[in-house]
Every structure is written in C-alpha cells, then in structure tokens.
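Reviewing the structure listed below.
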Amino acid sequence: MPTVQRPLSPHLEVYRPQLTSLMSIFNRLTGIALSVGTIFFVWQLLAAASGPAAFASFQGLAGSWIGLAALFGWTLSFVYHLLNGVRHLLWDAGWGFDLGTTYRSGLVVLVATLALTVLAWIVALIVWGA
Amino acid sequence: MADRMRTPLGQVYGLGSAREGAREWWAMRLSSLALIPLGLWWMIAIIAHAGADYRDFIAWVSSPLTAILWLLTIAVTFYHTAHGLQEVIEDYVHHEGAKLASLVAVRFVCVALAVAGIFSVLAIAFRH
C-alpha cells in the first residue's frame, strides 16, 4: 500500500513537562524495570528449589550492596506502579478525571510511594537484623 | 450484501472487525485488579522473610496456602508483564522486523520465566 505523507499533530516534544505526563511516562518506565526485576525473584525460587548451597549464594547476592541497591530501586518502582495503577483503574471506572483531581491524586501517589517504600525498608531491615 | 455495508477501504483490505478490539484493554484491567491483592500479599510476605535461611524459606513456600498464592502471583504477573511490554513495543518500535522479533522474544521469555517459577514452587511444595 502506498504511504501518504500527511501532516502529523504536534507530539510530546512541543509540551512543557507536566506532573501528569511525567507520571504517565514513569508508569511505563517502572513497568519495564519491574519486568526486568521478575528475573531476580524467579531466580530466588529456582535457587530454593535447587538446594541449600544455591539458595545461600542467592541470599548472599541479594544482601550485597549491589543487591540491596537494586532491591531498593525495585521496591520504589513496585510501590509506584501499584499505587499509580490503582489511580489508572479509578480513571477507567470514571472517577477523578478532572484536571484538579488528577494533580491531587498524582501528588498523593508520589508522597505515598516515598512513605511506603521507606516504611517497607525499615521493616525489612528490622526483620533481616533479627 | 454484507460487502455493500463496508467502506471501500474495508473491502480492499478484505478484513473486518474481529470483535476483539477491547480484548487487550480488558486483559490489562483484569490482571491489574488481580495484582492489587496478590502484589500486596507478596510484598508483605517477602519483607517478612527478608534474609530468611534455606529451612525457613522452604517451610514457608511449601505450605499449601503460600504455594497457591505464589502460583497465582506468578501466573498473573507474567500475563500482565507480557501484555504490558507488548503495549510498549507496539507504541515505540516502528520497524516491522524489529517489532516482530521483540514481540516474539517478550512472549517467549515471559512464558519461560513463568514456567521456571511455577516449576520451582511445585518442586519445593511436593518435595518437602
């Protein structure tokens, strides 16, 4: 089929970055990050199924500085994607789609993401130390 | 008769609506909804087992309720992941060959990881 060159409507680059558009992009980026992270958790299960030695070396890697840094990033992505996903589902159900509410719910998601991630790590480090 | 109801472009393509236009959309909403409780359970459970030794981890995974929740979480997670990555690829990869290759790769990897995870949970559950 011949391609017809029609003018295109302005795309993302003509807009000033806004909280709403940035949060939409972050939802995708965290989704991609979480997809990569699933490999880590399947690895944990495989190691546990393989035996004590494999599991111990996995736990060693997870507890290293690189492992902990990756897990922290993963937690941040997970909590964000979960909370913002709920925001998306509420929009799909017809709730909160006016401009004021999208900004307010966006701020709630950002603040709650930071708070829950820090809380999760405080609890995890206490459990780990105990 | 049916052909006269179609637009000229539709007749040229020889393709009509497959009546499945909303399927991808629904797949994401349904798996998102399921992942809210599953994801919360999983995250709290993983935190509760931070730094667990082999014995504790095995005992936890092999209890029936935990094993069932793990299997559900794995199945829905990789369903959601496969559909989510497909959406991203369809939006941003415009070269036909690269698009097809990455769509196939994403599907293969997601199914392989899901099978690896499910097999591991079953192996742990049935051996202990």
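The values are calculated or read from the model by the stated rules, or taken from the named source; none is laboratory data. What you are looking at is a predicted structure, and each value in this text was computed from that prediction instead of being measured. No Cβ is skipped: glycine too gets one built from the backbone with ideal geometry, and neighbour counts run over all protein chains shown. Only protein heavy atoms, including side chains, enter the accessible area calculation; ligands, DNA and RNA are left aside. Shrake-Rupley method; radii C 1.70, N 1.55, O 1.52, S 1.80 Å.
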So which residues in the range A:26-43 are surrounded by fewer than 18 Cβ atoms within 10 Å (Cβ to Cβ), at the interface with chain B (Cβ under 7 Å from one of its Cβ atoms) and more than 18 Å from A:G85 (Cα to Cα)? A:I39
Condition check for B:R107: within 27 Å of A:A47 (Cα to Cα), among the basic types (K, R) and surrounded by 13 or more Cβ atoms within 10 Å (Cβ to Cβ): yes
For the range B:1-53, enumerate the residues that are of a type in the set (G, A, S) and either modelled with pLDDT of 90 or more or under 24 Å from A:L68 (Cα atoms) (or both). B:A27, B:S31, B:S32, B:A34, B:G39, B:A45, B:A48, B:A50, B:G51, B:A52
A:A62 passes all but one of (1) modelled with pLDDT under 95; (2) open to solvent by 40 Å² or more (accessible area, probe 1.4 Å); which number fails? (2)
Answer from A:L119, A:L71 - the residue that is surrounded by 14 or more Cβ atoms within 10 Å (Cβ to Cβ), within 30 Å of B:Y54 (Cβ to Cβ) and within 12 Å of chain B (Cβ to nearest Cβ): A:L71
State all residues of the range A:11-42 that are polar (S, T, N, Q) and more than 21 Å from B:W70 (Cα to Cα); if no residue qualifies, say none. A:Q18, A:T20, A:S21, A:S24, A:N27, A:T30
